[in-house]
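The values are calculated or read from the model by the stated rules, or taken from the named source; none is laboratory data. Fair warning: this is a prediction, and the values are worked out from it, not measured in the lab. Cβ: placed from backbone, ideal geometry, glycine included. Neighbour counts: every protein chain shown.
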Amino acid sequence: MGSQRKTLFTALAVTLFFVFLWAVFAASFNMFFPSGGGIKESLSLSDGKVAIVRLHGVIMDGTQFMRQLDKWAEDDSVKAIVISISSPGGVVGPSQEIYSAVRKAAAKKPVVASMGAVAASGGYYVAAACNKIVANPGTITGSIGVIMMFSTSFDLMDKIGLKAVVVKSGKFKDTGSPARPFTEEDRALMQGVVDDTYDQFINDVAQGRGLSVDEVRKVADGRILTGRQAFKAKLVDKLGGFEDAVELAALLGGISGKPNRVEEEKKKSLMETILGDENEVSLPFRLKMPAGLYYMWPAW
């Protein structure tokens, strides 16, 4: 009899142990793979889906953004896409890559830009590729232009007797080097690069917005605009917030009723949890932008 009780107790203990392990596994799975493997999906009255893709912070690399955009563009269950933009712009190359990716997606299904607090320079550049743009009346946007900045420590080095030795293949090879003065020839060369990149910006905005180059040039001197001013300048289609952008996207996508929103849920790394989001601009970046060409509002 005692032996039977001992066997029964052992079986019960083993069963409880495996139930405990299963509960721990299920909790861990939900923690690391929430909402079906990282996809947030809201329940609604409609089967039509509107995908949300976020472009927040300084544009330094568009890889993750374009991966998400391409994914939703190829998903037949997604009828429209909303791009939430909260960015002062960023590096020219990635901004242009994202612009091209948005144009391709917008040729397949409606893509609506929703401007947040700031959607300036490269942020506006991306928005211009969308089918429609929605901005808050007080959104800071515009800043259509190009900026290139260099820092120089030549005078300081000269004062302390520190000199740089440079061997180069041509007189412009070290243009922008902090170890030598920036000459008028250097300025003329770099101004040509800036002007050419600026023309690319204007032409792309004109193409995306269906405006003439002359119309864009009127407000393309680097000035910032409010959302309401941008609306009057035909740079924005509608004044409103994020919810208005979602409703417009659903309408353009032929969705009746409340749309079902889908969005990839970002998992933060331990370092991001401690130090903040990777897209946030750090103080060192604000104090000294890395040398290069920017579609960016530097006051941000």
Exercise for the section: For Thr197, indicate whether it is at pLDDT 95 or above, hydroxyl-bearing (Ser, Thr, Tyr) and under 18 Å from Val92 (Cα atoms). Expected result: yes
Problem - Odd one out for Pro284 among (1) under 17 Å from Ser86 (Cβ atoms); (2) at pLDDT below 50; (3) not in a loop (DSSP other than H, G, I, E, B) - result: (1)
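Can you find a residue in the range 226-235 that is within 25 Å of Leu293 (Cα to Cα), assigned to a helix (DSSP H, G or I) and touching a strand residue (DSSP E or B) at 6+ places or on another chain (Cβ under 9 Å)?
yes
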Practice task
All but one of (1) of a type in the set (S, T, N, Q); (2) at pLDDT 95 or above; (3) not in a helix (DSSP H, G or I) hold for Ser95, so report the exception by its number.
Solution key: (3)
Problem - Complete set of residues in the range 65-91 that are surrounded by fewer than 23 Cβ atoms within 10 Å (Cβ to Cβ) and either part of a loop (DSSP other than H, G, I, E, B) or under 9 Å from the mean Cα position of the chain (by Cα) (or both) - result: Phe65, Asp75, Asp76, Ser77, Ser84, Ser86
Practice task
Answer yes if at least one residue in the range 177-191 is under 23 Å from Pro298 (Cα atoms), without any contact (Cβ under 8 Å) to a residue 12 or more places away in the chain and not charged (D, E, K, R), and no otherwise.
Solution key: yes
Exercise for the section: Could you tell me whether Gly142 is surrounded by 13 or more Cβ atoms within 10 Å (Cβ to Cβ), on the phi > 0 side of the Ramachandran plot, in contact (Cβ under 8 Å) with a residue 60 or more places away in the chain and among the small types (Gly, Ala, Ser)? Expected result: yes
Practice task
Scan (1) more than 28 Å from Asp199 (Cβ to Cβ); (2) in contact with a strand residue (DSSP E or B) (Cβ under 6 Å, 6 or more places away or on another chain) for the single condition Gly122 breaks and write down its number.
Solution key: (1)
Exercise for the section: Could you name every one of the helices (runs of 4 or more DSSP H) located completely within the range 153-221 that has at least 3 residues being of a type in the set (D, E, K, R) and surrounded by 15 or more Cβ atoms within 10 Å (Cβ to Cβ)? Expected result: 184-209
Handout entry: Among the candidates Gly161, Gly142, Gly192, Gly170, residue that is under 27 Å from Gly241 (Cα atoms) and not acidic (Asp, Glu)
Key = Gly142
Handout entry: Candidates Gly210, Gly138, Gly142 - the one that is out of contact with any strand residue (DSSP E or B) (no Cβ under 9 Å at 6 or more places or on another chain) and at pLDDT 95 or above
Key = Gly210
Problem - Ser3 assigned to a helix (DSSP H, G or I), within 24 Å of Asn260 (Cβ to Cβ) and at pLDDT below 95 - result: no
